[in-house]
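The values are calculated or read from the model by the stated rules, or taken from the named source; none is laboratory data. Please read all numbers here as calculations on a predicted model, not as lab measurements. Heads up, the Cβs are rebuilt from the backbone with ideal geometry, glycines too, and the neighbour counts pull from every protein chain shown.
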Amino acid sequence: MSRKRAVVSLGHDALGYTTGAQRDAVQVTARALADLVEEDYQLTITHSNGPQVSMIHKAMTELRRVYTDYTPAPMCVCSAMSQGYVGYDIQNALRSELLGRGISRPVSTILTQVTVDPYDEAFYEPTKVIGRFMSKEDAETEIKKGNYVKEYPGKGYRRVVAAPQPIDIVEIEAIRALAAADQVVIACGGGGIPVIEQQHILKGASAVIEKDAIAGKLAADLGCDELIIFTGVDCVYRDFGTDGQAPVAAMAVAEAKEMISQGQFEAGTMLPKIEAAVSYLEKVGTGKVLITSLGRTKDAVRGKAGTVITA
């Protein structure tokens, strides 16, 4: 019997918000991922990188302030750095957990680029906040360089970047080959490194791709049986955050679209997950999406927890 092929999307809770917290968090995350491997899943893993890429961007910017002969690292380079070190921690923690369970399964991290449209409307209205709080003078310097900033009254200013839609995953054939070889693959971290294709040249873009959007695309491109999205809640709720909130055990794409139109899902949290689910299922009609928390992994894959979305 062939393994169930799944893309797993890891959120901030699976990784922590600092370097030390990440080392601890991935130990817990590795156990949940190993549970899936024991349930006969072939995994391709993607992950968020918001806190990590912000930390790297801040560090590189401060380095430039202290040592003026250094060139500030562009966002695409910061994204590549975050892919490397987050993948490193997940890869090692999962390898160790699998070996501890007597499972010999290679785990690989692929530095992944994702093309975006330079005319995507997101570039005209950046929304992703990154980096440190800045003074008004520093903010004006960023604006002069062509960057966008957002003011937080009483706190300062922070840089914001675009969150364009992904077009193509450049290394998709390498990911597909490793997955077909029954390796656990970590790819498209942080949404992938955003690049703009100019003839045969790939040029880094000042942007951050939504990690749930790339998870849905990755699952569709690989023709996976499932898309598993880990988040901070055990399942999707109707009227979340109100006295009448109710868990949703299962829904079809049509119901998911209706709930989106009703404004049931908060932008930046649950909404991109539901949108990724819809995008994937509209391309892979036989697939299913599971949304749950890391702590409910075993129960969720056995139908005892989480939310299942189907076409």
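Quick look at the numbers
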{"item": "Pick from segment 183-207, criterion part of a loop (DSSP other than H, G, I, E, B) and in contact with a strand residue (DSSP E or B) (Cβ under 8 Å, 6 or more places away or on another chain), ranking: modelled with the lowest pLDDT", "result": "Ser206"}
{"item": "Scope segment 209-251; condition part of a loop (DSSP other than H, G, I, E, B), closer than 29 Å to Val160 by Cα and touching a residue at least 60 places away in the same chain (Cβ under 8 Å); matching residues", "result": "Ile209, Glu210, Thr231, Gly232, Val233"}
{"item": "All helices (runs of 4 or more DSSP H) inside segment 64-182 with 2 or more residues being buried (at least 20 other Cβ atoms within 10 Å of the Cβ)", "result": "75-100, 172-180"}
{"item": "Restricting segment 1-39 to residues that are part of a loop (DSSP other than H, G, I, E, B) and touching a Phe, Trp or Tyr at 6+ places or on another chain (Cβ under 9 Å), the residue that is nearest to Arg302 (Cα to Cα)", "result": "Arg3"}
{"item": "Pairs, first of a type in the set (Ser, Thr, Tyr) in segment 4-26, second surrounded by 22 or more Cβ atoms within 10 Å (Cβ to Cβ) and assigned to a strand (DSSP E or B), C-beta under 9 Å, six or more apart", "result": "Ser9/Ile45; Ser9/Thr46; Ser9/His47; Ser9/Leu227; Ser9/Ile228; Ser9/Ile229; Ser9/Phe230"}
{"item": "Search result, residues across segment 59-95 that are among the small types (Gly, Ala, Ser) and touching a helix residue (DSSP H, G or I) at 6+ places or on another chain (Cβ under 7 Å)", "result": "Ala73, Ser79, Ser82, Gly87, Ala93"}
{"item": "Only one of Asp221, Asp243, Asp225 that is of a type outside the set (Val, Ile, Thr) and at pLDDT below 95", "result": "Asp243"}
{"item": "Residues of segment 264-280 classified as modelled with pLDDT of 95 or more and either charged (D, E, K, R) or more than 20 Å from Ile209 (Cβ to Cβ) (or both), total", "result": "3"}
{"item": "Cβ pairs under 7 Å, 6+ apart, first in segment 89-102 and touching a residue at least 12 places away in the same chain (Cβ under 8 Å), second part of a loop (DSSP other than H, G, I, E, B) and surrounded by 15 or more Cβ atoms within 10 Å (Cβ to Cβ)", "result": "Leu98/Arg105"}
